[in-house]
Amino acid sequence: MPLAMNRDVFITAAVTGSGATQDKSAHVPRSPQEIADSAIDAARAGAAIVHCHVRDPETGAPSRDLRYYRDVTERIRAADVDVVLNLTAGMGGDIVFGPSERPLPLNPAGTDMAGASERMAHIADCLPEICTLDCGTMNFAEADYVMTNTPGMLRAMGQMMTDLGVKPEIEAFDTGHLWFAKQLVAEGILTSPALVQLCMGVPWGAPNDLNTFMAMVNNVPDDWNWSAFSLGRDQMPFVAASVLAGGNVRVGLEDNLFLKKGVLATNAQLVERAVGIIDAMGANIIGPDAVRKKLGLTKREPK
């Protein structure tokens, strides 16, 4: 398939994530105010979309506390800069097994399995324009941890997103996740054109070599919108690769802590670096209003 460069690119800033990065960089935001402030700074730097998790303000551990989501949402919406709000719906699908000879009972440290309605509670309350749908189950880095999203769970959560009028961002960590995403659209659970985030280089999903990346790209339907990212030092090369292959880009501290070797980054600095790469490639960077028109989004307030 010949490459068709994207000439009108939007940037997503993934500002904090749920990984154990809180003690690796002082720039990783923890409290709702820190998360919102970092998201607002990223928007000022050129991000059209901010993708937000929340954390326990004291420990920095990932959280599903509705109060934190409300606080982050309200602060971002009250800011003097416009940005599309994208909240994670990926929490609550964590299983940690026991050791290989005794996998059961599950290890309570790290296991957090919730029902579809509980996983979607903050989405129904805050009504972001976009929320993520991790479209499959996979082994995820650690020896005994499994990111768990069954077909039944994904059908239930996807239908809730559609009924709420919140655009799902399908997070695809491998080609099978795209296969199932297309099935959700075929069943009418998700609407087309869908929105996809290609998640490259996450152990043990799709590796981030360019052959695998183009296999992922070529499995996205032509009328869908998509972005891509990779991790660590590969984050910025994938800004260029994604634009060149026809997509949009994601950067941020969820996926990479460094501006360059030995230099810790802020979210705004990572967005600024992505802006420079996209501009040097001769593409335009579009803002939140253009993204809303492109993706069919409606900016709303919480209930």
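Observations
- Any hit, the range 33-53, residues being within 14 Å of A268 (Cβ to Cβ) and surrounded by fewer than 16 Cβ atoms within 10 Å (Cβ to Cβ): yes
- Filter result for A228 (assigned to a strand (DSSP E or B), over 22 Å from I123 (Cβ atoms), in contact (Cβ under 8 Å) with a residue 12 or more places away in the chain and in contact with a Ser or Thr (Cβ under 7 Å, 6 or more places away or on another chain)): yes
- Note on the range 261-281: among residues that are more than 22 Å from the chain's Cα centre (by Cα) and under 19 Å from L231 (Cβ atoms), the one that is most open to solvent (accessible area, probe 1.4 Å) is K261.
- From E74, E101, residue being among the acidic types (D, E) and within 17 Å of K299 (Cβ to Cβ): E74
- Options A89, A114; residue that is more than 19 Å from the chain's Cα centre (by Cα), open to solvent by less than 20 Å² (accessible area, probe 1.4 Å), within 27 Å of L198 (Cβ to Cβ) and modelled with pLDDT of 95 or more: A114
- Where E74 falls short, out of the listed (1) surrounded by 17 or more Cβ atoms within 10 Å (Cβ to Cβ); (2) at pLDDT 95 or above: (1)
The values are calculated or read from the model by the stated rules, or taken from the named source; none is laboratory data. Bear in mind that the values here come from a model prediction, so they are computed numbers and not experimental data. No Cβ is skipped: glycine too gets one built from the backbone with ideal geometry, and neighbour counts run over all protein chains shown. Keep in mind that these areas ignore ligands, DNA and RNA; they rest on the heavy atoms of the full protein, side chains included. Shrake-Rupley method; radii C 1.70, N 1.55, O 1.52, S 1.80 Å.
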